[in-house]
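Colleague: A single structure is presented below for examination.
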Amino acid sequence: AHHDVVLHLHTKRSAHSSHLAEWLPFLLDCLLPSPGGVNAILEAFASTPRLGMVSPSHFPSLGAATNWGPNRALAEVLTWGAGWPRLPDNGRLVSLAGSMFWARSSALVPLQELRIPLAAFDDTYAPDGTVAHAVECLLGVSCEAAGLQQLVVGRADGLRPLRVEDLRKQRRFRS
């Protein structure tokens, strides 16, 4: 809350599946593509007040994990009566699988206002269908509930730094 824009990163260990071994480098390449790419992301926030979140594109090895799956029912319970917009259908859900992103702090306020108690998060590992997975799905929806837009960025192509113009070309992003 003390910062206008934040970057959320963590260790992203997915030891349960060898096909997810490259997930962390993929997420970091999307969110920290180069010094120029980071500057482009920060410039996009500075020049576009309605930009609430920059999230990484879908990691190909996840398959259908960008759908609600068993998390929708949990998300419905978590947001019930909180004044959130109707939860998007699978085709419209921009799930932040991996829970790493850049965000304007105000994009996270609707999620914070849910006041989900820490006790609701189980320490037992499960690949899906937990409160933590439901919250992960709600990250982008929180941005929408705050009246802001989400921008999805892909892995840097390595040939040149990401630029603000590259960000503006994306169909989900409007100034």
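Colleague: Quote the FRET efficiency, to the nearest 0.05, computed for LEU62 versus THR124 with a Förster distance R0 of 22 Å and r equal to the Cβ-Cβ distance.
Modeller: Once the sixth-power term is evaluated, E becomes 0.55.
Colleague: Of HIS10, HIS133, which has the most accessible area and how do the rest follow, probe 1.4 Å?
Modeller: These residues rank, largest area first, as HIS10, HIS133.
Colleague: For the range 13-157, with every protein chain kept in place, what is the accessible area per residue (1.4 Å probe, Å²)? Can you show the working numbers first?
Modeller: Values: 7050 Å² over 145 residues.
Accessible area per residue, the range 13-157: 49 Å².
Colleague: Give the ranking of ILE116, ILE41 by solvent-accessible surface, highest area first, calculated with a 1.4 Å probe.
Modeller: ILE116, ILE41
Colleague: Any chance you could look up the accessible area of CYS137 with a 1.4 Å probe, heavy atoms only, rounded to 10 Å²?
Modeller: Ignoring ligands and nucleic acids, CYS137 comes out at about 0 Å².
Colleague: Could you please state how large a percent of the accessible area of the range 46-102 is carbon and sulfur, counting protein chains only and using a 1.4 Å probe? Mind showing how you got there, number by number?
Modeller: Values: 1570 of 2690 Å².
Taking all protein chains in place, the range 46-102 shows 58 percent carbon and sulfur surface.
Colleague: Between ASP89 and LEU42, 0.36 nm times their residue separation minus their Cα-Cα distance comes to what?
Modeller: Stretched fully, the ASP89-LEU42 segment lengthens by 13.9 nm.
Colleague: Related question: Roughly how much of LEU78 is accessible, in Å² to the nearest 10, using a 1.4 Å probe?
Modeller: Looks like 40 Å² after rounding.
Colleague: If you don't mind, another one. So if each residue of separation counts as 0.36 nm, and I subtract the Cα-Cα distance between LEU28 and ALA1, what length gain in nm does that give?
Modeller: Fully extending the segment from LEU28 to ALA1 adds 7.4 nm.
Colleague: Let me ask another. Need one number for the range 1-147: average projected area of the convex hull over its C-alpha atoms, nm². Walk me through the numbers before you get to the answer.
Modeller: Numbers: hull surface 36.6 nm².
Hull-based average projected area comes out at 9.2 nm².
The values are calculated or read from the model by the stated rules, or taken from the named source; none is laboratory data. This structure is a prediction, so every number in the text was calculated from the model and none was measured. Neighbour counts run over all protein chains shown; Cβ positions are idealised from the backbone, glycine included. When the accessible area is computed, the model is the full protein with side chains, heavy atoms only, and any ligands, DNA or RNA have been set aside. Shrake-Rupley method; radii C 1.70, N 1.55, O 1.52, S 1.80 Å.
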